[in-house]
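Below is one structure, written out as structure tokens, with a few remarks after it.
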Amino acid sequence: MIPVKIEDDVYSLRANDWDRRLFDELVPLPDGTSYNSYLIKGGDKTALIDTVYPPKTAAFIAALKASGVETIDYVVANHAELDHAGSIPAVLELFPKAKVVANARCWRMLCDQMPLDRSAFLEAKDGGELPLGGKTLKFVFMPWVHWPETMGVFLKEDRIFFPCDFLGAHLAASELAVADQAQFEVAAKRYYAEIMAPYRVQCRSALKRVEELEPAILAPSHGPVHFRPSVIIDLYRQWTSDEVKPEVVIVYASMYHSTTAMVERLTDRLMEKGLPVRVINAVGLDSGVLSMALVDASTVVFASPTVLAGPHPSIAYAAILANALAPKTRFAAMIGSYGWGTTMTDLLAEMLREFKAEFFAPVLTKGAPNAETFAALDALAESIAVANAALTTNG
Ligand code: FEO
């Protein structure tokens, strides 16, 4: 871990976590991640923007020392989650006179997680400024991206905005800026889909605040620094909009191929009607794959056999995840099979109670699908196609 210059007296202190494969024991990290802190040396005062994940503290403190910094006057905590706030105690131990600059809610949340003395607290107000001498920090509250206390900091003179989690990506990389645009966009979408999407409306408000600042550089606390802010801003504008793409995501599990046969029939009919279809096997599901698919697809179909009267546990997981993500999906359906009796769709509907899509009538088969099942699936495909066509017409 080394300090990397962004602008004069502004440095990135990035702790790459190349090997981390799961965040919160929940979110897959195919490209690892990074925890980015930033060092700003003003004429009078020196500030850190966020810190790093506790297991990276030793490397972080070593890099801080290597930067030649003699003192830290302020540690700005944009967010209380420990992947950014976890090294604050170590910084305070090294620089006991440093103040923790945070909004009131963030301070309370920090105190819930670590021993902090009230005398170390300096409250940040929305729109408030903190002069460092030739460099000025301006605080921009952006609640619920993705915790209630989240904020960002704008370095006015250099026009650098530090949005913490917002606009970030789980991507470990040695390069300061985006090195591989295609890889980055997938990582950024995965990150948005799993972390920010449930707060789509709040993200839209936060994005507006960022745009109003007209930043030259965006320096989030995960992944690369953006020297062309419009690229990530445009992606977020698209993801947070109310627009959906006419596309059908079918998430399925099958035990004796009855549900598989139903999925194949529905997929074929939808393809014939010109609708893009994305089929995702829910067994061993990478939550990021489903989350990304739900960012802008118009339609989702849950396809499940019956297990102990309910959905297959893998489909139950997919449904609970989809319900929690609150995507902008407009249409949904449930299809599946059973052996002698089922309450599968009732239980699935309960798991999807916050899923705000219009549901088509479910299609079920007892045992292997027969001509009647296939006819019902053909009718479902027609209903989905008509609904999507209306979407294209009406916006
Ligand atoms: Fe990267 Fe919400 O912490």
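Of note:
- Residue of ASN281, ASN103, ASN36 that the Gaussian network model of the chain assigns the largest fluctuation, springs spanning Cα pairs under 10 Å: ASN281
- Each residue of region 79-88 was assigned a 3J(HN,Hα) from its phi angle through the Karplus expression (A = 6.51, B = -1.76, C = 1.60, θ = phi - 60°), giving 7, 8, 5, 5, 5, 10, 9, x, 9, 4 Hz with x at Gly and Pro.
- In region 266-358, the chymotrypsin sites (Phe, Trp or Tyr not before Pro) that fall in loop regions by DSSP, at most 13 other Cβ within 10 Å: TRP340
- Divided by 2.2 N^0.38 Å, where N counts the residues, the Cα radius of gyration of region 8-106 comes to 1.09.
- Among the listed pairs LYS56/LYS208; LYS65/LYS138; LYS5/LYS156; LYS5/LYS138; LYS138/LYS245, those beyond 28 Å (Cα-Cα): LYS56/LYS208; LYS138/LYS245
- Derived scalar couplings between HN and Hα for region 18-30 equal 4, 9, 5, 10, 8, 9, 6, 6, 9, 9, x, 10, x Hz in order, rounded to whole Hz, by the Karplus curve 6.51 cos²θ - 1.76 cosθ + 1.60 (θ = phi - 60°), x for Gly and Pro.
- Straight-line cross-link partners of LYS41 among the aspartates and glutamates, defined as a Cα under 13 Å from its Cα and at least 8 positions apart when in the same chain: GLU7, ASP8, ASP9, GLU70, ASP73, GLU157, ASP158.
- Pair ASN370, VAL283: separation of 7 Å Cα→Cβ label points (nm): 2.7
- The Cα-based radius of gyration and maximum Cα-Cα distance (Dmax) for region 282-374 are 13.0, 37 Å.
- Per-peptide packing, taken as the mean over residues of other Cβ atoms within 10 Å, places 261-267, 198-204 in the sequence 261-267, 198-204 from highest down.
- Taking the convex hull of Cα positions in region 64-193, its mean projected area over all directions (nm²): 8.9
- Computed helical MRE - 222 nm, the chain, DSSP H runs ≥ 4 contributing -39500 (n - 2.57), nearest 500: -10500 deg cm²/dmol
- Averaging 1/r across all pairs of distinct Cα atoms in region 207-310 and inverting the result yields a Kirkwood radius of 16.5 Å.
- Solvent-accessible heavy-atom area per residue, rounded to whole Å², over the chain at 1.4 Å: 41
- Other-chain or far-sequence residues with amide H under 5 Å of LEU29's (modelled H): LEU22, PHE23
- Relative packing of peptides 245-257, 113-125 - highest average C-beta neighbours within 10 Å first: 245-257, 113-125
- Applied to region 55-70, the Karplus parametrisation 6.51 cos²θ - 1.76 cosθ + 1.60 on θ = phi - 60° returns per-residue 3J(HN,Hα) values of x, 9, 4, 4, 5, 5, 5, 4, 5, 4, 5, 5, 6, x, 5, 8 Hz, with x for Gly and Pro.
- Computed over neighbours whose Cβ is under 13 Å from that of ALA173, the net charge equals -3, Lys and Arg +1, Asp and Glu -1.
- Under 5 Å between amide hydrogens, built in the peptide plane, is the criterion, and for LYS99 it picks out TYR74, VAL75 among residues at least 5 positions away or on other chains.
- The chain pair-distance distribution - Cα-Cα, 10 Å bins, rounded %: 5, 22, 27, 19, 14, 9, 3, 0
The values are calculated or read from the model by the stated rules, or taken from the named source; none is laboratory data. Because the structure is predicted, anything quoted here is derived from the model rather than measured. Cβ: placed from backbone, ideal geometry, glycine included. Neighbour counts: every protein chain shown. Accessible surface areas use protein heavy atoms only, side chains included; no ligands, DNA or RNA. Shrake-Rupley method; radii C 1.70, N 1.55, O 1.52, S 1.80 Å.
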